[in-house]
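What follows is a short report on a single structure.
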Amino acid sequence: MRNVFSCALLAAGVLAASSASAQSILPFSFEVRGGLGIKTEEFNQNDTETTTASGGVGVGGNVSFDFLPGVAVYGSYDRYAFNANIAGASGDVEEEYIDEGFAAGAKISPPIGAMLGFSPWVRGGVIFHTLELTGVDEESSRSTGFEVGAGINIPLGLVLSFTPGVIYRQYSPDYGDDASDAKVSYFDVSLGLRARL
């Protein structure tokens, strides 16, 4: 009888501790990301003498709110830089295309990490980005596009997790010229670190 009572007290203590831990985690999380941008075509299609490197580097961050288990809304900021080679009368000039801006959308991550040791995530949203060509003072107005992405979430404990993934972004930068057919289109192959509150 004493053993049964001791086991019952131990089980109650474990349940109370796990319940307290669960309640201490709020439905908010912060994430920082960094990686490579791999473009799918030239950013400025009107200027055949301008070429950009196929790869760029960038960083970003987002905050999300889980309003249902495994379903969240997020807001993010990203900045990627791509080298640009501009052919001119005095020779080639090295510049940079800077793609930066904000995004808002939804993210789904089924809570199955306890079974597999990781869980997949997918996200999609609307982006509000600008494209700047440094050195020539050429910058688009904030333009609307979209992003979609997927990856995995690998827990590193109760609070931190490792979140590698691939995100595709696309928009048409607005330079105030209806004849412009420029388009920004690239894959963001990045690693992330996410912290839950």
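The values are calculated or read from the model by the stated rules, or taken from the named source; none is laboratory data. Worth saying up front: this structure is predicted, and the values here are computed from it rather than measured. Here Cβ is always computed from backbone atoms with ideal geometry, including for glycine, and neighbour counts include all displayed protein chains.
Does R123 satisfy the criteria of being at pLDDT 90 or above and of a type in the set (D, E, K, R)?
Criteria met by R123.
When N85 is tested against (1) over 22 Å from the mean Cα position of the chain (by Cα); (2) of a type outside the set (A, V, I, L, M, F, W, C); (3) modelled with pLDDT of 75 or more; (4) more than 20 Å from E139 (Cβ to Cβ), only condition (4) is not met. The number of residues in region 130-171 that are part of a strand (DSSP E or B), in contact (Cβ under 8 Å) with a residue 24 or more places away in the chain and over 25 Å from V71 (Cα atoms) comes to 8.
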